[in-house]
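The values are calculated or read from the model by the stated rules, or taken from the named source; none is laboratory data. Here the structure is a predicted model, which means the values were calculated and not measured. As a convention, Cβ positions derive from the backbone with ideal geometry for all residues, glycine included, and neighbour counts pool all protein chains shown. Accessible surface areas use protein heavy atoms only, side chains included; no ligands, DNA or RNA. Shrake-Rupley method; radii C 1.70, N 1.55, O 1.52, S 1.80 Å.
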Amino acid sequence: MQRNHKKAHWDVAIIGAGPAGAACAITLAQRGWRVLILDKQNTLRRKPGESLPPLAASLLGSLIGALNTDTLSVWGLAKTRGNISCWSSTEPDLADFFFNPQGHGLGIDRQCFDQQLLVKAQQEGAHLLRGTRLMECERRSANTTNSEDAEHWCLTLQGRLMQTQHTARYLVDASGRRSVLAKKLGVMRQSHDQLFAFCQRYTTTSADDDAFTRLEACPQGWWYSHVTPKTPGSDTWERSLVFHTDRDLLSAQQAATAEGFAALLAQCSYLPAQLSQLGYSASGKITGANAASERLSAFAGPGWLAVGDAAQAYDPLSSQGIGKALESGCEAGQRLHYALSESCNRQGAEHAQLTHYTTAQEQQWRLYQKQHRFYYEGQKRWPDHDFWHRRRSHSASSAQNTNSSRTAT
Ligand SMILES: Cc1cc2nc3c(=O)[nH]c(=O)nc-3n(C[C@H](O)[C@H](O)[C@H](O)COP(=O)(O)OP(=O)(O)OC[C@H]3O[C@@H](n4cnc5c(N)ncnc54)[C@H](O)[C@@H]3O)c2cc1C
């Protein structure tokens, strides 16, 4: 393996180029800081996450500017009108965004959306390295009396062809549920349940202009279905159907196969009818994704902080993951901007900013736990089924350490 010993110097290096990393990069680059953002993937991959509730949609507007009909489709976005859910009964319940003060929500084509966020970060001046992983990092005091350089990180990055050496004053963990930086620094990731998602795409050539997210609870867990914003010029409509259950239950084994997935879906009273009416058929393989409620034991430490799913990851029922990723990315960028600006008293400034950030993250986690309990406790059917029994007797507040609002109404 080749080693490149030429060092590059950054104010902030961000590990992970999802929405959280991109939002942090945009915020810092707009304020003139030297920002590196790196991602282990060479190209963007399909990820779950298809809808933004109105609050997150308005936050996005403040990050990237107002979107009109043309720019919405460039960003892989389409307006959504609300949620229709069979959550606490078989009777569909409508939550219409018309009555929401923030206005409409957004449906998302994730590949397109994540790509556009990174284009924006680069336009603002951030430097993107794809196919690159963080190998080593060490925080060092420089042999200098200049307080600007008092402490910095020395990084070894592994690219496609060679290792490179970099320095950065701050590091941001935006690596999603893997929390690669935090784990390297010995911070524990706590898992609060075993929720796992099984995702199957469906396609049709019949027009699907449904602007609602559809939800349905079932004895083994719950489902959602959402149409993907249509690619201009395409004559195919695509819909994601996602089943959530606990990883250790029999239903998880069943959902991993095409036959089992179809059999579980057939037991639903509401979602299958819409698919068959529009002539949808399954396309591609079923993919799995961790959907548990998780958090780090510490959201920040000397010279670093974690954003998005790397800091705290939510149950998809909340539909808050991307909004929270954007919000924490912007908040972290702002905090690091203050810490970098107040260089005459760097350690004091850093400590104050990271403490503010941690306090806000702790508050968000407590709010999330409260909402999580509220929605799961509101679904009172099937009390003897493991999935629901666990959620009533074992709320999101008890954690296991691991090192490894799609709101229903
Ligand atoms: C089934 C399901 C449905 C969901 N639905 C919704 C929804 O409808 N609405 C919503 O708002 N949210 C939803 N979410 C949550 C949402 O997808 C996440 O919260 C969001 O992607 C978090 O963004 P992020 O930037 O923190 O992390 P990610 O998007 O996971 O990005 C992390 C990045 O880090 C990179 N990375 C990982 N390891 C390394 C490494 N070692 N070195 C360098 N880079 C690395 C990855 O390649 C990735 O690009 C859903 C989640 C699931 C599982």
| Which number in (1) open to solvent by less than 60 Å² (accessible area, probe 1.4 Å); (2) at pLDDT below 95; (3) in contact with a strand residue (DSSP E or B) (Cβ under 8 Å, 6 or more places away or on another chain) marks the one condition that Ile64 misses? | (3)
| Consider Glu294 against the criteria (1) crowded, with 18+ Cβ neighbours inside 10 Å; (2) more than 30 Å from Thr355 (Cβ to Cβ); (3) among the charged types (D, E, K, R): it satisfies all of them except one. Which criterion is unmet? | (2)
| query | When you scan the range 256-292, how many residues do you find that are in contact with a strand residue (DSSP E or B) (Cβ under 9 Å, 6 or more places away or on another chain) and under 23 Å from Ser89 (Cα atoms)? | reply | 11
| So which residues in the range 290-307 are assigned to a loop (DSSP other than H, G, I, E, B) and more than 12 Å from the ligand (Cβ to nearest atom)? | Ser297, Ala298, Phe299, Pro302, Gly303
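Test Ser85 against the stated conditions and say whether it is open to solvent by less than 30 Å² (accessible area, probe 1.4 Å), modelled with pLDDT of 90 or more and within 12 Å of the ligand (Cβ to nearest atom). Quick ask: steps written out before the conclusion?
Working: open to solvent by less than 30 Å² (accessible area, probe 1.4 Å): yes; modelled with pLDDT of 90 or more: yes; within 12 Å of the ligand (Cβ to nearest atom): no.
Criteria not met by Ser85.
Among the residues that make up the range 39-49, is at least one of them away from the ligand (no atom under 12 Å from the Cβ) and either open to solvent by 10 Å² or more (accessible area, probe 1.4 Å) or in contact with a strand residue (DSSP E or B) (Cβ under 8 Å, 6 or more places away or on another chain) (or both)?
Going residue by residue through the range 39-49, those that are away from the ligand (no atom under 12 Å from the Cβ) are none.
No, there is no match, as no residue in the range 39-49 is away from the ligand (no atom under 12 Å from the Cβ) and either open to solvent by 10 Å² or more (accessible area, probe 1.4 Å) or in contact with a strand residue (DSSP E or B) (Cβ under 8 Å, 6 or more places away or on another chain) (or both).
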| request: Provide a single number: the residues in the range 312-321 that are touching a Ser or Thr at 6+ places or on another chain (Cβ under 6 Å) and part of a helix (DSSP H, G or I). | output: 1
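Here is a yes/no grid of residues against (1) modelled with pLDDT under 95; (2) within 30 Å of Ala211 (Cβ to Cβ); (3) among the hydrophobic types (A, V, I, L, M, F, W, C):
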position	(1), (2), (3)
His104	yes, yes, no
Gln122	no, no, no
Arg130	no, no, no
Arg140	yes, no, no
His166	no, no, no
Tyr170	no, no, no
Met188	no, no, yes
Ala197	no, yes, yes
| note | Restricted to the range 308-331 and to residues being over 16 Å from Gln371 (Cβ atoms) and within 7 Å of the ligand (Cβ to nearest atom), the residue surrounded by the fewest Cβ atoms within 10 Å (Cβ to Cβ) is Asp309
| query | Considering the range 297-307 alone, what residues qualify as being open to solvent by 10 Å² or more (accessible area, probe 1.4 Å) and either in contact with a His (Cβ under 7 Å, 6 or more places away or on another chain) or among the aliphatic types (A, V, I, L, M) (or both)? | reply | Ala298, Ala300
| field | Residues located in the range 183-214, provided they are β-branched (Val, Ile, Thr) and either open to solvent by less than 40 Å² (accessible area, probe 1.4 Å) or within 14 Å of the ligand (Cβ to nearest atom) (or both) | value | Val187, Thr203, Thr204, Thr213
| query | Is there any pair linking a residue in the range 30-44 that is closer than 21 Å to Asp11 by Cα to one that is basic (Lys, Arg) and open to solvent by 30 Å² or more (accessible area, probe 1.4 Å), with Cβ under 7 Å and at least six apart or on different chains, and which? | reply | Asp39/Arg130; Lys40/Arg133
